[in-house]
Every structure is written in C-alpha cells, then in structure tokens.
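One structure is given here, and the rest of the page talks about it.
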Amino acid sequence: MTRLASKLKSLIRAGGPMPVSAYMNACLHDPEHGYYATRPGIGRDFITAPEISQVFGEMLGLWALHEWQALGSPERFSLVEAGAGRGTMMDDMMRAVRQANGGQGFDVAINEASPVYSAAQKERLSDLHPSFLGAFQSIGEAPFILIANEWLDCLPARQFVQSDGDWHEKVVGLDDQGDLAIGIATDKANAPAFEMRDGATSFEVQPALETLVDVLKDAFSVVPGRALFIDYGVSEGAPGDTLRAFQRGLQVGPLALPGSSDLTVDVDFGRLRRLAEKAGLSGHGPVEQGPFLMGLGVEARMHALIRANQGRAEEIYKGVTRLVDPAEMGRRFKVICLSAPGLAAPVGF
C-alpha cells in the first residue's frame with residue numbers, strides 16, 4: 001500500500017467517498033505524496049513527444065516565432081510553457097528561435113506546479129533566464145504565446161454514469177475489505193449539459209477547462225496572444241470513462257498505486273473550443289498532430305538533421321515517424337489554438 005493510499009482511506013473513512021476528480025487531484029498533487037509533487041515520471045513511467053524527438057520542440061519554436069511576427073514582433077513578449085517537464089521542449093523551441101533570429105524579443109516563462117520539475121527546469125534552462133510563474137493562475141502582462149504539451153490530460157475529471165434513468169457522479173470509496181473502490185453517489189446529479197455521443201450512458205468532464213478559459217480571457221483582455229495545446233482526446237462528443245494510470249511504461253489500475261503512478265484522461269477538445277468561443281476568444285482546431293507537424297515542415301527538418309547526423313539517421317527517422325504516423329501519435333494527438341479576439345488564423349490551421 002502506498003502512503004497516499006493510506007491517507008486517502010483515512011479521509012474517506014472520516015468524510016465519506018470523494019469524487020473521482022478529488023481523488024485524481026490528490027494522486028497527482030498531494031504536497032506530501034502526490035505524483036507530480038514527489039517524483040519525475042518522464043522517461044520512466046511515460047514518454048512525451050519532446051523526449052522522442054528534438055524536432056517536435058523545434059517545429060513549435062518556429063511556429064511561435066511566426067506567430068510572434070504575426071503579432072507585430074512586440075519588443076516585450078513572453079514564450080510561456082505550461083507543465084514544462086524536464087525543460088526539454090522549451091530548450092528545443094528556443095534553440096530553433098535563436099537559430100532563426102537570435103532569440104530577439106523572446107522572454108521565457110514557465111507555469112509549473114511540480115517542485116521536482118521546477119528544479120530540473122531551472123538547471124536545464126539556466127541560460128534562458130526563465131521567469132517561473134508557479135501553478136497556472138496568471139501569464140504575466142506582456143503579449144505572449146503559451147504552449148502546453150500533454151498538460152490538459154492531467155487536469156482532474158469528474159465522471160458521471162446513468163443508472164435507472166438518472167445521472168449519478170462516480171466516487172472513490174471503500175469496499176467491504178476496506179480497499180479503495182469506485183462506485184456511484186446515491187444522490188442524483190444534474191442532467192449533463194454536455195454534448196455526448198448518441199446513446200452514451202457515461203461521460204467525464206474536466207472543470208478546470210473553464211478555469212483555463214477564464215485565465216486566458218482575462219489575459220487577452222489586456223494583451224494579444226495565443227495559446228496552443230497538444231494532447232490526446234476527442235474532437236466531438238464528451239469522453240466516457242477514460243481514467244488511466246501508468247507506471248514504468250505499463251498501464252495499471254487507477255486505484256492500484258495512488259501517488260506512485262501517473263493518472264490521465266482524454267481531453268474534450270470540442271468542449272474546450274466551445275468554452276473559448278463562448279468567452280469571446282477565437283478557436284482554431286482541433287487538428288491532428290501528424291498533419292499539423294507536416295504542415296510546419298517537419299519532414300524537411302528531419303532530412304536536414306539526418307544529413308548532419310548520419311550516425312543517428314535511423315533514430316531520427318523513427319522518432320519523427322512516431323510523431324506523425326496515424327498509427328502512432330499522428331492521429332490520436334490533437335492540436336488546438338485559442339487566441340485573442342480579432343487575430344487571423346494561426347499557421348497550421
């Protein structure tokens with residue numbers, strides 16, 4: 001039993017079952033035993049696109065450079081990354097920017113909730129002198145471009161299920177043996193106001209998407225900018241039960257190792273765009289990651305990298321292929337851009 005499992009059981013015995021979203025938040029962010037608070041999982045429990053190929057971050061860096069120019073190349077400008085992991089993607093993005101324009105005009109900022117990753121970012125990105133904004137609550141006061149890869153999927157999700165014609169929220173409680181178990185709340189939940197697939201009897205929703213849009217709306221009311229999100233999820237219709245856990249590259253039960261495994265859910269990109277447009281923001285996408293990267297010139301960059309590194313040709317080719325192949329990450333991963341009102345469509349959309 002993990003230390004967090006023992007703590008959660010005590011909380012449930014004292015206060016009753018907790019919503020799945022509260023369980024997920026505790027597993028990831030409990031300050032004593034939470035996954036992101038205590039352990040760096042990238043490269044051990046899971047792998048992300050920036051760790052697979054440097055080309056991923058380089059393409060996003062050039063995308064950011066193009067959009068900075070489209071904003072009029074403001075002298076005061078921030079390239080912000082939310083959930084920057086080990087700093088790999090920001091390092092690759094800024095290398096591409098510096099090679100293209102010397103890094104002129106770009107200040108680097110990081111939104112990061114994990115103290116473990118913050119330490120790694122400070123070491124890796126020291127020459128960029130990044131500003132650390134803490135957890136995602138503000139973005140600063142300068143025009144900005146925010147980029148987040150595999151960050152939305154970690155926002156806690158509430159889950160609902162239909163039973164006897166009524167909707168009930170799923171909760172984490174204790175079974176007869178005192179072990180963690182998922183059940184449903186006895187009280188009825190309000191009828192879901194979300195677009196679901198026909199005949200769906202379950203759905204999940206990430207409340208923090210609304211908070212995200214509110215933060216962007218407030219920021220865009222003061223300065224121009226864009227926010228680009230890359231993650232796995234659905235374009236239309238709310239996801240069902242997609243809660244999953246991973247440890248050392250293997251999928252495990254979401255209740256098996258609380259605090260010691262990464263928890264994730266599919267992102268409802270359609271809902272995110274609807275929330276943004278309702279708030280007056282401009283939404284573009286979601287589009288699939290493969291075509292997006294191909295449109296940015298990932299193939300040409302791959303060939304140039306291979307020519308300069310013949311001994312790593314196969315490694316480079318396999319890495320880029322994994323990013324764009326529809327059978328790998330190219331189709332499952334989506335890209336969406338939310339922008340300040342009145343801006344033209346961003347490149348890639």
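The values are calculated or read from the model by the stated rules, or taken from the named source; none is laboratory data. Since this is a predicted model, take the numbers as computed values, not measurements. Here the Cβ positions follow ideal geometry from the backbone for every residue, glycine too, while neighbour counts run over all protein chains shown. When the accessible area is computed, the model is the full protein with side chains, heavy atoms only, and any ligands, DNA or RNA have been set aside. Shrake-Rupley method; radii C 1.70, N 1.55, O 1.52, S 1.80 Å.
The set of residues in region 20-43 being among the aromatic types (Phe, Trp, Tyr) and either open to solvent by 20 Å² or more (accessible area, probe 1.4 Å) or modelled with pLDDT of 90 or more (or both) consists of TYR23, TYR36. Is it true that ALA82 is touching a strand residue (DSSP E or B) at 6+ places or on another chain (Cβ under 9 Å), at pLDDT 95 or above and not acidic (Asp, Glu)? When the stated conditions are applied, ALA82 does not pass them.
Quick one: count up the residues across region 198-243 that are in a helix (DSSP H, G or I) and surrounded by fewer than 20 Cβ atoms within 10 Å (Cβ to Cβ). Quick ask: steps written out before the conclusion?
Pass one, region 198-243, residues in a helix (DSSP H, G or I): 208-220.
Checking the rest, the ones that are also surrounded by fewer than 20 Cβ atoms within 10 Å (Cβ to Cβ) come to 208, 210-211, 214-215, 217-218.
The number of residues fulfilling the criteria is 7.
Can you tell me how many residues in region 300-330 are free of Cβ contacts under 8 Å to residues at least 24 places away in the same chain, under 22 Å from TYR232 (Cα atoms) and assigned to a helix (DSSP H, G or I)?
Step one: of region 300-330, the residues free of Cβ contacts under 8 Å to residues at least 24 places away in the same chain are 300, 303-304, 306-315, 317-318, 321, 327-328.
Keeping just the survivors that are under 22 Å from TYR232 (Cα atoms) gives 318, 321, 327-328.
Still in the list and also assigned to a helix (DSSP H, G or I): 318, 321.
Count: 2.
Total residues in region 267-288 satisfying the condition of being assigned to a strand (DSSP E or B) and within 19 Å of CYS154 (Cβ to Cβ): the figure is 3.
Restricted to strands (runs of 3 or more DSSP E) entirely inside region 88-185, no element has at least 1 residues that are more than 29 Å from ALA238 (Cβ to Cβ) and hydroxyl-bearing (Ser, Thr, Tyr).
Of the residues in region 10-28, at least one is over 25 Å from GLN206 (Cβ atoms) and of a type outside the set (Ser, Thr, Tyr). Examine region 331-349 for a residue that is out of contact with any helix residue (DSSP H, G or I) (no Cβ under 7 Å at 6 or more places or on another chain), open to solvent by less than 10 Å² (accessible area, probe 1.4 Å) and in a strand (DSSP E or B), and state whether such a residue exists. Yes; the residues of region 331-349 include at least one that is out of contact with any helix residue (DSSP H, G or I) (no Cβ under 7 Å at 6 or more places or on another chain), open to solvent by less than 10 Å² (accessible area, probe 1.4 Å) and in a strand (DSSP E or B). Go through region 75-105 and give me each residue that's closer than 22 Å to TYR36 by Cβ and of a type in the set (Ser, Thr, Tyr). Passing the criteria: only THR88. From the list PHE56, PHE46, the lone residue that is among the aromatic types (Phe, Trp, Tyr), in contact with a helix residue (DSSP H, G or I) (Cβ under 6 Å, 6 or more places away or on another chain) and either open to solvent by 50 Å² or more (accessible area, probe 1.4 Å) or under 30 Å from VAL252 (Cβ atoms) (or both) is PHE56. The residues of region 293-330 that are farther than 16 Å from LEU62 by Cα, small (Gly, Ala, Ser) and over 27 Å from the mean Cα position of the chain (by Cα), listed by number, are ALA308, GLY311, ALA313.
Scanning region 257-271 for any residue that is over 16 Å from the mean Cα position of the chain (by Cα) and not small (Gly, Ala, Ser) turns up at least one such residue. Do we have any residue at all in region 132-141 that's out of contact with any Lys or Arg (no Cβ under 6 Å at 6 or more places or on another chain), more than 29 Å from LYS217 (Cα to Cα) and either open to solvent by less than 20 Å² (accessible area, probe 1.4 Å) or modelled with pLDDT of 90 or more (or both)? Checked region 132-141: no residue is out of contact with any Lys or Arg (no Cβ under 6 Å at 6 or more places or on another chain), more than 29 Å from LYS217 (Cα to Cα) and either open to solvent by less than 20 Å² (accessible area, probe 1.4 Å) or modelled with pLDDT of 90 or more (or both). For region 45-83, filtered to residues that are among the small types (Gly, Ala, Ser) and in a strand (DSSP E or B), the residue that is nearest to ALA313 (Cα to Cα) is ALA82. Restricting the first member to region 166-181 and to residues that are surrounded by 17 or more Cβ atoms within 10 Å (Cβ to Cβ), and the second to residues that are assigned to a loop (DSSP other than H, G, I, E, B) and basic (Lys, Arg), the beta-carbon pairs closer than 9 Å and six or more apart or on different chains are TRP167/LYS188; HIS168/LYS188. The test for being open to solvent by 10 Å² or more (accessible area, probe 1.4 Å), at pLDDT 85 or above and under 30 Å from PRO254 (Cα atoms) holds for GLU51. Among the residues of region 244-283, just one is open to solvent by 40 Å² or more (accessible area, probe 1.4 Å) and touching a Phe, Trp or Tyr at 6+ places or on another chain (Cβ under 6 Å), namely PHE246.
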